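Have a look at the structure below before the remarks.
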Amino acid sequence: ARRRTRRRQSSWSGDPGTTRRHGRSLKKRLEAATMLSKCPNNAEDEHNASNGKRLAAGVVTGAAFGFLLDKGKMNVPLAIVDQMGMTNFSMMRFFLSASASSILSMSALESLGIKARKAPGGVDLGTGLKGPLSGYGANLLGGALLGSGMAITGSCPGTVWTQIGAGMPYTGSIVAGGVTGTLLYGYVHSYLKRRNAEFAKVSGGKNTLDKAIGLPYPVAGVAMAGGFIGIVKLFDTYFPWREGMAKLLALGIEPTGDFLPDIAAVAWDPMVCGSLLGLLQIPASLTNGKGLGSSSGWVTMAGAVSHAIDPQCVKKAPYFKDARSIWQVGGAVGMVLGAWLSNYLSSSGPEIYSAIGAQGAGSHLNAFAGGIVLLFGARLAGGCPSGHGLTGMGTLAFSSFITVAGMFIGGMGVRLLPKVLGF
């Protein structure tokens, strides 16, 4: 008992041996804590650093995207509206050129072993109907709604950011409608998902054109890209691109047709802009893992709004629970800056557009309503014109071809049906 008492007393009275042992133990713990705080593999630090890099990469890539979209004047609302009405094929010239370049870029990355493609899978509507489009119902319906919104607003989920940078009207109402449409889809998605597990179920991205026809991806990709360029040339024979651009620009303003155009020129050939834009798939794929896209960034923004206004957000709309697309948020900021830079370098403003070129929706009400349809459709289909039309078609995914087909069906319906019915 006396020995136990002495040991306890020595531990409290500063016995030299005990003190040294305690000192060494404390020193080791402090060193370990210090090393952990400085460790580059610390999960939180690594996550923050990764988010910062993705954000910066999104801003830079988005700026190039916005610059090219503005130089091609594919952010002029009339270009989108008239394309859906089949009266101006400038947008088609740009879109097919960008799609061809995207296919070549992404197939090159895979062929060189740098980055494998990630083909988007089909999105099921959950109706249980069987047929050739089974498993792609949401792609078709969502694409049709997306195209309808494009025809109403003269915009799309990515283009609207470049329209802001170019100072075009009604963009604020389109953004407000877009956030509303994304919020609406998030709550509808969660409601329907609880009642039908098949709704919005995504299949694996294995259904691609190259696998269906039994050709290697690069071979099928080159053939598809060549076909797109052939279509562009065919359209130019019957619908000269300069005539189409003349409808968008003010009298006396001519776009440059040079392959290496002047950076200060007001407008470039849409084919040149589209071809250059498709090359952005390379930095986009390497920094965000997928490629170009815009609509997921809206989920991030709408998720922030939902968490701010609805304390039960996580329970009512788990769709927003893990909504993270920092790259696309950075891309949106970059697109605004890129379009602004394009106009700054050419010393141009709204006066360069034709009288009806930049009118777009025509009213804030149309812009807001169209924005709702636009983003609801994009989220239902699982992507937008850049996500499906450029990246998805770049991987030769069936789901993306179906979505784009639905997009044109919806857009053409909105523009042509009133004429057919005599309105």
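The values are calculated or read from the model by the stated rules, or taken from the named source; none is laboratory data. Quick caveat: nothing in here was measured; it's all calculated off a predicted structure. Here the Cβ positions follow ideal geometry from the backbone for every residue, glycine too, while neighbour counts run over all protein chains shown. For accessibility, only protein heavy atoms count, side chains too; no ligands or nucleic acids. Shrake-Rupley method; radii C 1.70, N 1.55, O 1.52, S 1.80 Å.
Structure above, values below:
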item	result
Any chance Gly149 is in contact (Cβ under 8 Å) with a residue 60 or more places away in the chain and at positive phi	no
Residue in segment 251-269 that is under 18 Å from Ser97 (Cα atoms) and in a helix (DSSP H, G or I) present	no
Candidate set from segment 237-246 (those that are surrounded by 17 or more Cβ atoms within 10 Å (Cβ to Cβ) and not aromatic (Phe, Trp, Tyr)); member that is farthest from Met106 (Cα to Cα)	Ala246
Selected residue [without any contact (Cβ under 8 Å) to a residue 12 or more places away in the chain and in contact with a helix residue (DSSP H, G or I) (Cβ under 6 Å, 6 or more places away or on another chain)] from Cys313, Cys273	Cys313
Residue in segment 266-281 that is farther than 20 Å from Ile229 by Cα, crowded, with 20+ Cβ neighbours inside 10 Å and of a type outside the set (Lys, Arg) present	yes
Selection count where residues are of a type outside the set (Val, Ile, Thr), open to solvent by 20 Å² or more (accessible area, probe 1.4 Å) and under 19 Å from Cys384 (Cβ atoms), scope segment 296-324	4
Residue count, segment 282-293 (criterion: of a type in the set (Gly, Ala, Ser) and open to solvent by 10 Å² or more (accessible area, probe 1.4 Å))	2
Scan of segment 401-423 for residues that are open to solvent by 30 Å² or more (accessible area, probe 1.4 Å) and either among the basic types (Lys, Arg) or touching a strand residue (DSSP E or B) at 6+ places or on another chain (Cβ under 9 Å) (or both), ordered by number	Arg415, Lys419
Search result, residues across segment 362-379 that are open to solvent by less than 10 Å² (accessible area, probe 1.4 Å) and aliphatic (A, V, I, L, M)	Ala367, Leu374, Leu375, Ala378
Test: residue in segment 108-116 that is buried (at least 24 other Cβ atoms within 10 Å of the Cβ) and modelled with pLDDT of 95 or more	no
Yes/no for Lys118 being out of contact with any Lys or Arg (no Cβ under 8 Å at 6 or more places or on another chain), of a type in the set (Lys, Arg) and over 23 Å from Ser173 (Cα atoms)	no
Restricting segment 325-358 to residues that are of a type in the set (Phe, Trp, Tyr) and within 30 Å of Leu78 (Cβ to Cβ), the residue that is surrounded by the fewest Cβ atoms within 10 Å (Cβ to Cβ)	Tyr344
Subset tally (residues that are among the aromatic types (Phe, Trp, Tyr) and within 18 Å of Gly349 (Cα to Cα)) for segment 141-195	2
Helices (runs of 4 or more DSSP H) (entirely within segment 120-236) containing at least 1 residues that are crowded, with 22+ Cβ neighbours inside 10 Å and within 20 Å of the chain's Cα centre (by Cα)	137-153, 159-165, 171-195
Residue satisfying all of: in segment 293-310; over 18 Å from the mean Cα position of the chain (by Cα) and touching a residue at least 60 places away in the same chain (Cβ under 8 Å); nearest to Gly330 (Cα to Cα) among these	Val305
